[in-house]
Amino acid sequence: MTLTADRPVRTASPRKPQRGGRQGREALLLMLPALVPVLVFSVGPLLYGIFLAFTDARSGRNSVTSFVGLSNFGDLLSDGDFWASFRIGMIWAVSVTVLQFLASLGLALLLNQDLRFRGFARVLAMVPWAMPPVVIGLMWRLVYHPDAGILNSMLGTEIDWLNDFSIALPAVIVVGIWTGMPQTTVVLLAGLQSVPKELYEAVEVDGAGVWRRFWNITLPQLRPVIVAITSLDFVWNINQFGLVYVLTQGGPGGQTRLPMLFAYEEAFRYGFFGYAATLGVAIVIVVLAVLGAYLWRQMREAS
Amino acid sequence: MRMRVVLAAGLLVLAAGCGSESPAAAPDEPVTIKFQSLAWQKESIAANKQLVEEWNKANPKIQVEYIQGSWDNVNDQLVTSFEAGDPPDVIHDDSPALSGFASRGYLLDIKDKIPAELKGDIPQPAWDTVTFGDGKGGQGVYGVPFLQESQVIIGNKKLLAAAGVRIPTPDSPWTWDEFAEISKKLTKGDAYGVAWPMKSPVNKVLNLALNFGGTFFQTDAGGKTTVKVGAEEREVLQRIHDQLHKDRSADPSALGMGSADPLPGFYAGKYAMLPAGVYLRQQVVEQAPDGFEWITLPPLKGVGSEQGAVSQTLSVAADSKYPEQSLKFISFFLNGSNQVKLAKGDWLLPTSVKAAGDPAMTVEENGWNVATASAKNLVVAPFLKVNGFDEWKSKVATPALQQYFANKITLDETAKKLVDEGNKVLERYNR
């Protein structure tokens, strides 16, 4: 334990930043080129989006935008479609994150073993990462195709995977897990490799089996990595758009309408920009709340 | 010194910015207009491109750039390009989409700008499908309607002949009652009389509901539109439901299919009849196995044979810098003889009277005579004028009708959903 505890200390001894005076101004000047794009392309649109959430902005040249205060948020809370979409979003984000984590952990443990062709296998595991979400969506649409898909021909079934009211969401979740596995696997693999060998040697002397080694050494050592990657995965997943848009466009009957798809429809299909912005803000709040609670608990348990 | 260089550079940038803002002013300069087409069938794309080429050769001063769009995402794409202020000049779309665009001021009102010849060649009912409120209390014409779709029935000739049923003609079509009887007669063993592909049930049901006078929407004196599901609206719903679950003459497994999906089963004799849009004939011609004989049957008759019509349209963007040139191009593109080419390419019905009289449109081959005759039943679909119809359709009506046809909810429950939840949706647009 002491070995790993060393490292943060070394990095956590920064030089005291010298604020104020000429040096501060110079530092600001040097930061400016990097700061401008951030302000223009990131902070600006963000603030504009938050502003829109309090207006009744609609698409069209005839529409007059006026400030409506919190009424959008009121509408949102009483909108059954939003809650349905929110529920689907949570099912999606939680199940994809959890299952993805479990599958990736298994894969990472496997790839960490001294196998033959390990390098090749590691490259193979990365393949989904190299594909854009749209291509993944198209590819899986072919897999799930009711007549020409390989899934039905392999199973000998005649299921319309993406159009069945009860199967569509699980089918999409499977694709979500597949898509996100490489990132999670790489991060976990890196975490596994930084677990000091001495620890394993020490417990082996004590006569611990495989399971105990995993439970008492690997997992605790991986903990910071696991917390980081699962929280990142959760944010990525709840904000997922492209993949599901290509796969189902939110169908059938809204069974796979994730919150972001809902917001997209509100904005670009029905033209309610203000309401869509409200949705975006609401999701940001939810993500912050969930992450905050999760990280806080993890931190507390760790310390 | 350095200051001056910076200033000069800044001015240059400004000047360049201004330069690109002002459109080519000189009247003799050739202009380029962008034409976004949604043609997707091979023959149709060929016809579109050929007409554009023809025009470009004859009009060196007004060059048309062909842009390929797609029905799948055209409305999202157009909203973004309208908002960004850089839409195509000539826009191909369909009339349900125009309603929203018109009221938001994206499209040019061409009411007083349509050349007389073009205006006279297209009958008033078709113009009605492109006449909408401008969002400021007025009415305008927001496109030129050119292709229309009617619902017909494609039948397996051998099976119909074997059952010895009367073959209907446009002058004496089947009634819905007759259709139900015949479907039962054609249901034998594994084979069903009919397949209703109901993946997107809303437009189909709403268009057919007019057979019994069902409009689904009503507008009160104050101009407020609400959903209505009364006895007239229930007729077609109930009849299709009966075929599925009472007569068992319609294949329930076809319910989840899109329009073209039942075709393989149709060729195999699994269903004898297939209600479909006239355009589906193209796929039957191309894909049907050799020796497969089929026939186009005219639309059914309820109280009347009226069907709701929507049109494919060409519109001019309000932001277009060359509205006159765009209209000139549209008038050429949609003249009688060109509409014949476009209609043949898309296997749809031309709005042009001249085109409808063309021999190519009235031959018996591939059911063109029956298809063209069905055009007289087309009236403007009531839902076209409903603001918020798109949201009602995708959020309320599609799931409700799918559940009803799958026999998961009763007709009363369906009606209640359509009305209660529907009115809530429309409320947003009435504000």
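The values are calculated or read from the model by the stated rules, or taken from the named source; none is laboratory data. Since we're looking at a predicted model, the values are computed, not measured. Cβ placement follows ideal geometry from the backbone for every residue including glycine, while neighbour counts extend to all protein chains displayed.
Scanning region B:209-226 for residues that are in contact with a strand residue (DSSP E or B) (Cβ under 6 Å, 6 or more places away or on another chain) and crowded, with 19+ Cβ neighbours inside 10 Å yields a count of 3. Being in contact with a Lys or Arg (Cβ under 6 Å, 6 or more places away or on another chain) and surrounded by fewer than 21 Cβ atoms within 10 Å (Cβ to Cβ) is the filter; apply it to region B:136-172 and report the residue that is farthest from B:P88 (Cα to Cα). Filtering first and then ranking leaves B:A163.
Within region A:257-267, can one find any residue that is in contact with a Leu (Cβ under 6 Å, 6 or more places away or on another chain), within 25 Å of A:I177 (Cβ to Cβ), within 14 Å of chain B (Cβ to nearest Cβ) and modelled with pLDDT of 90 or more? Don't jump to the end; show me each part of the working.
Quick first cut of region A:257-267, residues in contact with a Leu (Cβ under 6 Å, 6 or more places away or on another chain) only: A:263.
Then drop every residue that is not within 25 Å of A:I177 (Cβ to Cβ), which leaves A:263.
Remaining after also requiring within 14 Å of chain B (Cβ to nearest Cβ): A:263.
In the following step, the residues that additionally are modelled with pLDDT of 90 or more were identified as A:263.
Yes, region A:257-267 contains at least one residue that is in contact with a Leu (Cβ under 6 Å, 6 or more places away or on another chain), within 25 Å of A:I177 (Cβ to Cβ), within 14 Å of chain B (Cβ to nearest Cβ) and modelled with pLDDT of 90 or more.
You will find that of B:K424, B:K417, the residue that is within 14 Å of chain A (Cβ to nearest Cβ) and within 24 Å of B:W196 (Cα to Cα) is B:K417 and no other.
B:A276 fulfils the conditions (1) assigned to a strand (DSSP E or B); (2) in contact with a Leu (Cβ under 6 Å, 6 or more places away or on another chain) except for a single criterion, (2).
With respect to B:D390, determine if the residue is part of a helix (DSSP H, G or I) and surrounded by fewer than 18 Cβ atoms within 10 Å (Cβ to Cβ). So B:D390 fails the test.
Hey, among A:V225, A:V287, A:V246, which residue is touching a Lys or Arg at 6+ places or on another chain (Cβ under 8 Å), touching a residue at least 24 places away in the same chain (Cβ under 8 Å) and surrounded by fewer than 20 Cβ atoms within 10 Å (Cβ to Cβ)?
A:V246
Of all the listed residues (B:D247, B:D261), the sole one being in contact (Cβ under 8 Å) with a residue 60 or more places away in the chain, of a type in the set (D, E) and closer than 24 Å to A:P252 by Cα is B:D261.
From the list B:S326, B:S337, pick out the single residue that is part of a helix (DSSP H, G or I), hydroxyl-bearing (S, T, Y) and without any contact (Cβ under 8 Å) to a residue 24 or more places away in the chain. Even if it seems obvious, please write down each step before you answer.
Details: B:S326 fails: without any contact (Cβ under 8 Å) to a residue 24 or more places away in the chain.
Of the residues listed, the single one that is part of a helix (DSSP H, G or I), hydroxyl-bearing (S, T, Y) and without any contact (Cβ under 8 Å) to a residue 24 or more places away in the chain is B:S337.
Between a residue in region B:347-366 that is closer than 21 Å to B:L280 by Cβ and any residue that is loosely packed, with under 13 Cβ neighbours inside 10 Å, which pairs come within a Cβ distance under 9 Å, given they are 6 or more apart or on different chains? Close Cβ pairs (under 9 Å, with a partner that is loosely packed, with under 13 Cβ neighbours inside 10 Å) amount to B:A355/B:S337. Any residue at all in region B:362-370 that is touching a helix residue (DSSP H, G or I) at 6+ places or on another chain (Cβ under 9 Å), more than 14 Å from chain A (Cβ to nearest Cβ) and outside any helix (DSSP H, G or I)? Yes, region B:362-370 contains a residue that is touching a helix residue (DSSP H, G or I) at 6+ places or on another chain (Cβ under 9 Å), more than 14 Å from chain A (Cβ to nearest Cβ) and outside any helix (DSSP H, G or I). Annotation for region A:144-164: no member residue is more than 30 Å from B:A260 (Cβ to Cβ) and either in a helix (DSSP H, G or I) or without any contact (Cβ under 8 Å) to a residue 60 or more places away in the chain (or both).
Report yes if A:A228 is assigned to a helix (DSSP H, G or I) and within 12 Å of another protein chain (Cβ to nearest Cβ), otherwise no. Working first, answer last.
Details: assigned to a helix (DSSP H, G or I): yes; within 12 Å of another protein chain (Cβ to nearest Cβ): no.
Considered against the rule, which asks whether it is assigned to a helix (DSSP H, G or I) and within 12 Å of another protein chain (Cβ to nearest Cβ), A:A228 comes out as no.
Can you pull out every residue in region B:373-387 that is in a helix (DSSP H, G or I) and under 19 Å from B:E233 (Cβ atoms)? B:N377, B:P382, B:F383, B:L384, B:K385 - these are the residues of region B:373-387 that are in a helix (DSSP H, G or I) and under 19 Å from B:E233 (Cβ atoms).
Give me a count of the residues in region B:90-110 that are outside any helix (DSSP H, G or I) and within 21 Å of the chain's Cα centre (by Cα).
The number of residues fulfilling the criteria is 11.
Yes/no matrix, rows are residues, columns are (1) more than 14 Å from chain A (Cβ to nearest Cβ); (2) in contact with a strand residue (DSSP E or B) (Cβ under 6 Å, 6 or more places away or on another chain):
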| position | (1), (2) |
| --- | --- |
| B:A254 | no, no |
| B:M273 | yes, yes |
| B:P289 | yes, no |
| B:G302 | yes, no |
